[in-house]
Ligand code: AMP
């Protein structure tokens, strides 16, 4: 079965083609700067290209994707299904679904909770359904994995009627990633997932930590939207809501300006004044930039704090897993987080942590808590869901 995976953003369209007979990645690419000017790049084995071209809209971008797909798809075969990444599945979708007109309308409605993501996801679906009218399209939701979170961990402390009326609750995100790395961690440990207590840490531009019990999400740091929890590249993370009142009053900001400030100008960028990119933060901190050091230390501290609270949620922990850009690539952050967990009998294998590469355990064989690094693969997860 050939599965095309699409991840449609406001100005980008990521695409992957998998042969799910053996889960081979046949094509990996991205159309960027849609509606601005246009950049199109892809790789397929040894083949590939990167070129600038006008991409006025998602339609044009998908046409380009189809051109490449036609070149790559083996003779006599065709795409059997399209899997779409959808950020928010709202209260209704606890698992992946076949996309119908009703599902698409729901995805558009849930822009209420994910205004930066769901409208672009819906647009990608519309365009792809138009171009591939005869094959199934599947929505795979970032929120679905977290439907197992118990009521007491997902309710906010506001009047219950309002929570009910508007679906205000913790939804959680990065579900495909947490599910993928949890399953890989079980394989690394050679133990069944259903026997494990895991804390998975997706630390990238967006960051979330998740408590995974027997393969099910029990709690996660993001909330109704992806703004809550650990500080991120440009997002503020958890905030006292009264700060919003103060800024509205003193800075004369309206709610749009506040949303923009908290989503795009805060986090590592806002604190450091240097960058939202953690590599640049680490570099600036090493060169003595105090605000960059503060941003780095807050990220490390936040991750540590959530891990600690999720160990309490799970009543213990078998393994802690790091993934995404920072989690996979910053040995210093991992070491700093783990340095404060030695009371659990956690022993980091310094060499595996600093010089090892790829998916691996970075704890010693005698460590009472295992520590793993697992590069995430959300696209493969979406392709698997599509086949399922
Ligand atoms: P993601 O959103 O998962 O693509 O992760 C992006 C983040 O990973 C950015 O903040 C990058 O600076 C960070 N990152 C990528 N490579 C490294 C590295 N070698 N060391 C530290 N951070 C990195």
Revision key, fill the gap. Taking the range 108-130 and keeping only residues that are surrounded by fewer than 16 Cβ atoms within 10 Å (Cβ to Cβ) and at pLDDT below 90, one is left with 115
Check your understanding: So, of the residues in the range 305-332 that are away from the ligand (no atom under 16 Å from the Cβ) and part of a loop (DSSP other than H, G, I, E, B), which turns out to be surrounded by the most Cβ atoms within 10 Å (Cβ to Cβ)?
Key -> 317
Check your understanding: Can you tell me which of 206, 273, 267 is within 16 Å of the ligand (Cβ to nearest atom), at positive phi and under 18 Å from the mean Cα position of the chain (by Cα)?
Key -> 267
Exercise for review: Might you check whether a residue that is near the ligand (Cβ under 10 Å from one of its atoms) and either under 30 Å from residue 197 (Cα atoms) or touching a residue at least 24 places away in the same chain (Cβ under 8 Å) (or both) occurs anywhere in the range 280-295?
Suggested key: yes
Exercise for review: Return the residue satisfying two criteria in turn: it lies in the range 345-360 and is over 26 Å from the mean Cα position of the chain (by Cα) and either surrounded by 17 or more Cβ atoms within 10 Å (Cβ to Cβ) or in a loop (DSSP other than H, G, I, E, B) (or both), and of such residues it is nearest to the ligand (Cβ to nearest atom).
Suggested key: 349
Check your understanding: Do we have residue 212 as closer than 11 Å to residue 303 by Cα and assigned to a strand (DSSP E or B) here?
Key -> no
Review point. Is it true that some residue in the range 291-298 is at pLDDT 95 or above, surrounded by 18 or more Cβ atoms within 10 Å (Cβ to Cβ) and within 19 Å of the chain's Cα centre (by Cα)?
Key: no
Check your understanding: Among (1) surrounded by fewer than 18 Cβ atoms within 10 Å (Cβ to Cβ); (2) under 26 Å from residue 210 (Cα atoms); (3) more than 14 Å from the ligand (Cβ to nearest atom); (4) modelled with pLDDT of 95 or more, which single condition is residue 228 missing?
Key -> (1)
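Quick test for you: out of 188, 246, 262, pick the one residue that is more than 23 Å from residue 93 (Cα to Cα), in contact (Cβ under 8 Å) with a residue 60 or more places away in the chain, part of a helix (DSSP H, G or I) and away from the ligand (no atom under 16 Å from the Cβ).
188
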Review point. Could you list, in sequence order, the residues of the range 23-37 that are in a loop (DSSP other than H, G, I, E, B), closer than 14 Å to residue 9 by Cα and touching a strand residue (DSSP E or B) at 6+ places or on another chain (Cβ under 9 Å)?
Key: 33, 34
**Study point:** Positions within the range 46-71 being more than 28 Å from the chain's Cα centre (by Cα) and assigned to a helix (DSSP H, G or I), in sequence order
**Key:** 67, 70, 71
Review point. So is residue 234 surrounded by 14 or more Cβ atoms within 10 Å (Cβ to Cβ) and in contact with a helix residue (DSSP H, G or I) (Cβ under 9 Å, 6 or more places away or on another chain) or not?
Key: yes
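The values are calculated or read from the model by the stated rules, or taken from the named source; none is laboratory data. Please read all numbers here as calculations on a predicted model, not as lab measurements. Neighbour counts run over all protein chains shown; Cβ positions are idealised from the backbone, glycine included.
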